[in-house]
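Following: one structure in structure tokens, then a few remarks.
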Amino acid sequence: MSSGETSFSYQPFEGIATFGHQTFAIEPADADVTILGVPFDGTVSGRSGTRLGPRAIREQSLCLWGYNNALQVAPFEKLRVIDAGDVRVVPPDVVETHRNCEEAARRVLESGSRLITLGGEHSISLPLLRAHAEKHGPVCLIQFDAHPDTWHEEYSGHRFSHGTPFRRAFEEGLIDPTGFMQLGIRGPTGGPQDYVHAFDCGARMWTTDAIIDTGIPNVLNEIRNTLGDRPVYVTFDIDVADPAYAPGTGTPEVGGLTSRELLQLVRGLTGLQLVGFDLVEVAPAYDHAGITALLAANLVFEFLSLLALCTGAE
């Protein structure tokens, strides 16, 4: 990028598809925020293809403008954001992939940068939480998701899958169970035990129906009052959105939140001590006109905006 140019000097169809046309750099030195992709979907139980999610999100991010009118901040101007490319994944080996993910996340956090991760399947939240808990201690967790992802039992003989990350994180002491919030849970399950397993981990579950009945401002007030100034990690499964707004995902569930409602919820996290974010489960093969990846890119932009506002977070 030449002198005087910004990332928004490019047209969406020009240049290399880094997130928001930000600088590509393998080492996150001097970065405020690092974008990292984890193109892995080796344990999915539904439709595969989320390994292509990071690339699709980056491509749609090229359509972003730089100013967030709702939050009145220009995150790319206030923060030095770099795109560090993708973690090296091993398609048939979830343990090795998680090890690589955790090591990459640790390097970013040790540099002083905050981390935004693009998935990939939801199992990657486990190694990311390991790295964040190593730095901050057990973190509060806000999980946007249609599914609890707290299966107790092994999945097809494996302890690690996209249905188990928060059970394993709870068992490893990575989550503060008094600050575990699930938003947007809905849909049929294998039985009542699926929700019971989440409650066993301390989760405060806001189903989609409960969010609508209670009202988003009231839900946000409870979240802020509960979490206070403790470190908060946010994980966002795109299937929390109704498939009318996000069809491109592996396990869609009808009756979800709208894109507008999700933007309202994410923007309402201002004031929290936000330490990290991941967005997962975008499956481009099922994504008509790229609308799921476009929503994902905008949600990452909203989180960048939150980080630009909460300058005290580390």
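The values are calculated or read from the model by the stated rules, or taken from the named source; none is laboratory data. The shown structure was predicted, so the numbers you read here are calculated from the model rather than taken from an experiment. Cβ sites come from the backbone with ideal geometry, for glycine too, and all protein chains shown count toward neighbours.
Looking across the stretch 99-117, the residues that are closer than 20 Å to LEU309 by Cβ and among the small types (Gly, Ala, Ser) come down to GLY112, SER113. Candidates are the residues of the stretch 271-307 that are farther than 18 Å from VAL108 by Cβ, out of contact with any Asp or Glu (no Cβ under 7 Å at 6 or more places or on another chain) and of a type in the set (Gly, Ala, Ser); the one that is surrounded by the fewest Cβ atoms within 10 Å (Cβ to Cβ) is ALA289. Going through (1) touching a strand residue (DSSP E or B) at 6+ places or on another chain (Cβ under 6 Å); (2) without any contact (Cβ under 8 Å) to a residue 12 or more places away in the chain; (3) among the hydroxyl-bearing types (Ser, Thr, Tyr) one by one, THR214 falls short only on (1).
Which members of the stretch 116-127 meet the condition of being among the aliphatic types (A, V, I, L, M) and in contact with a strand residue (DSSP E or B) (Cβ under 6 Å, 6 or more places away or on another chain)? ILE116, LEU118, ILE124 - these are the residues of the stretch 116-127 that are among the aliphatic types (A, V, I, L, M) and in contact with a strand residue (DSSP E or B) (Cβ under 6 Å, 6 or more places away or on another chain).
Here the condition is being over 25 Å from ALA131 (Cα atoms) and touching a Phe, Trp or Tyr at 6+ places or on another chain (Cβ under 8 Å); of THR214, THR235, it holds for THR214 alone.
Confirm whether ALA56 is aliphatic (A, V, I, L, M), within 26 Å of CYS310 (Cβ to Cβ) and touching a residue at least 60 places away in the same chain (Cβ under 8 Å). Against the criterion (aliphatic (A, V, I, L, M), within 26 Å of CYS310 (Cβ to Cβ) and touching a residue at least 60 places away in the same chain (Cβ under 8 Å)), ALA56 does not qualify.
Considering only residues that are hydroxyl-bearing (Ser, Thr, Tyr) and over 30 Å from GLU253 (Cα atoms), look in the stretch 34-88 and name the one that is surrounded by the most Cβ atoms within 10 Å (Cβ to Cβ). Looking at the filtered set, the residue picked out is THR34. Tallying residues that are over 19 Å from GLY37 (Cβ atoms), among the small types (Gly, Ala, Ser) and not in a loop (DSSP other than H, G, I, E, B) within the stretch 260-314 yields 3. The C-beta contact set for the stretch 85-104 (first residue over 20 Å from ARG159 (Cα atoms), second residue part of a strand (DSSP E or B), distance under 6 angstrom, 6+ apart or interchain) comprises ASP86/GLY37; VAL87/VAL38.
Checked across the stretch 161-172, the condition of being of a type in the set (Lys, Arg), within 30 Å of ASP32 (Cα to Cα), out of contact with any helix residue (DSSP H, G or I) (no Cβ under 7 Å at 6 or more places or on another chain) and touching a residue at least 12 places away in the same chain (Cβ under 8 Å) holds for no residue. Being within 22 Å of PRO138 (Cβ to Cβ), modelled with pLDDT under 95 and touching a Pro at 6+ places or on another chain (Cβ under 6 Å) is a property that does not hold for ALA169.
In the stretch 2-21, the count of residues that are of a type in the set (Val, Ile, Thr), over 20 Å from LEU109 (Cβ atoms), surrounded by 20 or more Cβ atoms within 10 Å (Cβ to Cβ) and at pLDDT 85 or above is one or more. Only residues that are in contact with a Gly (Cβ under 8 Å, 6 or more places away or on another chain) and either of a type outside the set (A, V, I, L, M, F, W, C) or at positive phi (or both) were counted in the stretch 270-289, giving 7. Within the stretch 185-194, the set of residues being more than 22 Å from GLU171 (Cα to Cα) and at pLDDT 90 or above comprises ARG186, GLY187.
In the stretch 112-119, the condition of being over 16 Å from the mean Cα position of the chain (by Cα) and either surrounded by 22 or more Cβ atoms within 10 Å (Cβ to Cβ) or in contact (Cβ under 8 Å) with a residue 24 or more places away in the chain (or both) is met by at least one residue. Please determine whether any residue of the stretch 233-252 is at pLDDT 95 or above, on the phi > 0 side of the Ramachandran plot and either over 17 Å from the mean Cα position of the chain (by Cα) or surrounded by 16 or more Cβ atoms within 10 Å (Cβ to Cβ) (or both). Within the stretch 233-252, not a single residue is at pLDDT 95 or above, on the phi > 0 side of the Ramachandran plot and either over 17 Å from the mean Cα position of the chain (by Cα) or surrounded by 16 or more Cβ atoms within 10 Å (Cβ to Cβ) (or both). Residues in the stretch 75-84 that are touching a residue at least 60 places away in the same chain (Cβ under 8 Å) and touching a strand residue (DSSP E or B) at 6+ places or on another chain (Cβ under 9 Å): PRO75, LEU79, VAL81, ILE82, ASP83, ALA84. Selection within the stretch 195-227: residues that are among the acidic types (Asp, Glu) and modelled with pLDDT of 95 or more. The member of this set that is surrounded by the most Cβ atoms within 10 Å (Cβ to Cβ) is GLU222.
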